[in-house]
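Notes to accompany the following structure.
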Amino acid sequence: MNIHESAENYLEAILALGEKGPVRSIDVAQHLNFSKPSVSRAMSLLREGGFVVMDQGGFLTLTDEGLEIAQRIYERHLLLTKWLIHLGVSEKVAANDACLIEHDLSVESFDALREHINKDMGIE
């Protein structure tokens, strides 16, 4: 499914934050440095779209569809960041650049890059 880059960023943030524990909208706002009202509106849209559910305590969980998108974007982010660092780019710049690149690559191009990066870095 194609969704906007901003929605991908929210889903990726929920996934990343969820690795450390339960996630609330305020955590996403702080992580992305966005206002709470902006994140609340985005979470509402993501719930309506079937990508996120919120329980009675306000904790966010990705649906299967939301998780699939988040994992795809997060995988791209991590791999591209590692590769750029491997090439000599500073960690902060690498993470920022990976975020810019991750949303615009086709599946075909990312698969080819992943294969090349894994060989280049000896990850196979």
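Read the figures in this text as sums done on the coordinates, not as results from a lab. Every value quoted in this text rests on a predicted model; they were computed, and no experiment measured them. Note that we place each Cβ from the backbone using ideal geometry, even for glycine, and neighbour counts take in every protein chain shown.
Name the residues in segment 85-109 that are closer than 20 Å to Ala16 by Cα, part of a helix (DSSP H, G or I) and in contact with a helix residue (DSSP H, G or I) (Cβ under 8 Å, 6 or more places away or on another chain), would you?
Answer for segment 85-109, where residues must be closer than 20 Å to Ala16 by Cα, part of a helix (DSSP H, G or I) and in contact with a helix residue (DSSP H, G or I) (Cβ under 8 Å, 6 or more places away or on another chain): Ile85, Glu91, Val93, Ala94, Ala95, Asp97, Ala98, Cys99, Ile101, Glu102.
Of all residues being of a type in the set (A, V, I, L, M, F, W, C) and in contact with a strand residue (DSSP E or B) (Cβ under 9 Å, 6 or more places away or on another chain) in segment 68-96, which is farthest from Val28 (Cα to Cα)? Just the residue, please.
The first filter runs over segment 68-96 and keeps only residues of a type in the set (A, V, I, L, M, F, W, C), leaving 69-70, 73, 78-80, 83-85, 87, 89, 93-95.
Retained after the next criterion (residues that are in contact with a strand residue (DSSP E or B) (Cβ under 9 Å, 6 or more places away or on another chain)): 69-70.
Values: Ile69: 17, Ala70: 14 Å.
Step by step, filter segment 68-96, then rank; the result is Ile69.
For every residue, the table says whether it meets (1) of a type in the set (D, E, K, R); (2) surrounded by 12 or more Cβ atoms within 10 Å (Cβ to Cβ); (3) over 19 Å from Ile3 (Cβ atoms); (4) more than 17 Å from the chain's Cα centre (by Cα).
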{"position": "Gln30", "(1), (2), (3), (4)": "no, yes, yes, no"}
{"position": "Ser44", "(1), (2), (3), (4)": "no, yes, no, yes"}
{"position": "Glu65", "(1), (2), (3), (4)": "yes, yes, no, no"}
{"position": "Ala112", "(1), (2), (3), (4)": "no, yes, yes, yes"}
{"position": "Lys119", "(1), (2), (3), (4)": "yes, no, yes, yes"}
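May I ask you to list the residues in segment 73-94 that are surrounded by fewer than 17 Cβ atoms within 10 Å (Cβ to Cβ) and either within 15 Å of Asn9 (Cβ to Cβ) or in contact with a Leu (Cβ under 7 Å, 6 or more places away or on another chain) (or both)?
Passing the criteria: Glu75, Leu78.
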